[in-house]
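Beneath this line is the structure, given in C-alpha cells, with notes to follow.
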Amino acid sequence: MNGRVGVGMKVLGICGSPVKGGNVENVLKVALDAASEEGAETELVTLAGKEIRGCKHCNWCVFKQTAEKFCSQDDDMNEIFPKLVAADALIVATPVYFARVSGQLANFIDRTRVLVFGKTYRRCMKDKVGGAIAVGWLRHGGIETTLLSIGYWLLALEMLPVSVHDTGNLFGAGVVSSLHGVGKFDPEDRLLALKDDFGLRGAKAVAKRVVELTRIVKAGKEALGQK
C-alpha cells in the first residue's frame, strides 16, 4: 500500500495475521490511510504466507552481522529488515490469540533482536515511533493484553509507543471482529471489524498520533543537529 509522499516520513505497517485480506489487514489499511492523509508515505507488509522462523539466539548477529546480512537465518525476514531500518515509524496490527499476539508476529518480534544487539544495526530503532492495533473477537477478550505485548516490544527496541487518551486508546487501538464485540457472527460478512466504528476511530487516531509524534521527533533531532 503506497501513500503520497509529504513530509519525508515513512510509516511502515506490519500485519501479523496469517489471513490475507482479512479483518486485521483491512483495519491496518484504514490506519495507514489516516497516516497518509497526514502527509506520510506508507507501506503495508503482511506476514501472511511468509516463512518467518523463531530467533535461535545463536548470537551470529552480535559478532558477524554486516550491512547486507542482518541474520544467520535465510527466510522472508531478509526482505523485511531493510524496511524496518528505513522506516521512521511503525504501526503493528495483530489478531488476538489467547490474549496475546499471533504466532507469526511473535516470531517476527523475536527476530528483531538483530536490530537491538546486531554488530552493524545495534539500537537502530531507537527514537522511532510505534503504534499498536489488536483485532479481537470479543470486546473484553484479551485486546488490551495483546496491545501491551506490542507496547513492551516497542519499549525494548527503545522506540516511542503512542497513546491517545481521549479516544480510549490508552495502549493502542482495539477493534472487534464480531458484531458489537459480543460474539455475534454474520456469515455473509467476513470483515465485521470494518463495522466497529469506535474501533476504527481509534485506529485512525493512533495512526495520526504516530505521524504527529514522528514529526515532533524529527524536528527535534534536526534542531539538535542529530540524525
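The values are calculated or read from the model by the stated rules, or taken from the named source; none is laboratory data. What you see is a predicted model, and the numbers here were worked out from it, not measured in a lab. Every residue, glycine as well, gets a Cβ built from its backbone with ideal geometry; the counts of neighbours run over all protein chains shown. Side chains are part of the model used for accessible areas, which takes the heavy atoms of the whole protein and leaves out ligands, DNA and RNA. Shrake-Rupley method; radii C 1.70, N 1.55, O 1.52, S 1.80 Å.
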Top-ranked residue in segment 113-138 [being surrounded by fewer than 21 Cβ atoms within 10 Å (Cβ to Cβ) and of a type in the set (Val, Ile, Thr); ranked as nearest to ASN23 (Cα to Cα)]
VAL116
Restricting to segment 72-105, count the residues that are hydrophobic (A, V, I, L, M, F, W, C), open to solvent by 10 Å² or more (accessible area, probe 1.4 Å) and either under 26 Å from ASN23 (Cβ atoms) or not in a helix (DSSP H, G or I) (or both).
4
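If you go through segment 180-193, how many residues are open to solvent by less than 50 Å² (accessible area, probe 1.4 Å) and within 25 Å of the chain's Cα centre (by Cα)?
Taking segment 180-193 and keeping what is open to solvent by less than 50 Å² (accessible area, probe 1.4 Å), we get 181, 183, 186, 189, 191-193.
Now restrict to residues that are within 25 Å of the chain's Cα centre (by Cα): 181, 191-193.
Number satisfying all stated conditions: 4.
Condition test on ALA48, is it open to solvent by less than 10 Å² (accessible area, probe 1.4 Å), under 29 Å from ARG190 (Cβ atoms) and more than 11 Å from the chain's Cα centre (by Cα)? Give the steps one after another, and end with the answer.
Details: open to solvent by less than 10 Å² (accessible area, probe 1.4 Å): yes; under 29 Å from ARG190 (Cβ atoms): yes; more than 11 Å from the chain's Cα centre (by Cα): yes.
Judged against the criteria, ALA48 is a match.
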Which members of segment 142-170 meet the condition of being part of a loop (DSSP other than H, G, I, E, B), open to solvent by 40 Å² or more (accessible area, probe 1.4 Å) and not hydroxyl-bearing (Ser, Thr, Tyr)?
GLU158, GLY168, LEU170
